[in-house]
Amino acid sequence: MKRIVESTSNEGLEALLGEKITLFCTRYIYYGRLIGVNEHFCLLQDPYIVYDTGAFDKAEWQDAQKFPKKEWYIMLHAVESFGIMK
């Protein structure tokens, strides 16, 4: 079988740089503005940890706690899915 293959750059997390994103990880959910990414980790600005999402169609999280630091690193090996949600 032959398939059409296209090569693109700035896919995945790189395409979301500067956006507020949600990271569903192995144990926790993180939310913040993506300001950095490399092959091992990503960097969130104004990060939150989400303990209770509530309804996904609501504008705010049911229970999200702001980190006491302006920036926080998330290891990519723990990320299961990500995107712009809220």
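No lab work stands behind these numbers, since they all come straight from the coordinates. Being a predicted model, the structure only gives us computed values, none of them experimental. Reconstructed Cβ throughout: ideal geometry from the backbone, glycine too, with neighbour counts over all protein chains shown.
Dipole magnitude for the chain: computed about the Cα centre from +1 point charges on Lys and Arg Cβ and -1 point charges on Asp and Glu Cβ, it is near 40 debye. Within segment 7-46, list the residues whose amide N lies under 17 Å from a label point set 7 Å along Cα→Cβ of residue 70. Backbone N within reach: 18, 32-36, 43-46. Using alpha carbons only, the radius of gyration of the chain set against its Kirkwood radius gives Rg/Rh = 1.05. In this rough spin-label picture, where each label sits 7 Å from Cα along the Cβ direction, the residue 77-residue 10 distance is 3.1 nm.
Could you calculate the FRET efficiency of residue 59 with residue 27 from 1/(1 + (r/R0)^6), where r is the beta carbon distance between them and R0 is 25 Å, rounded to 0.05? Spell out each step's value before the answer.
Details: r = 25 Å, r/R0 = 1.01.
After rounding to 0.05, the efficiency reads 0.50.
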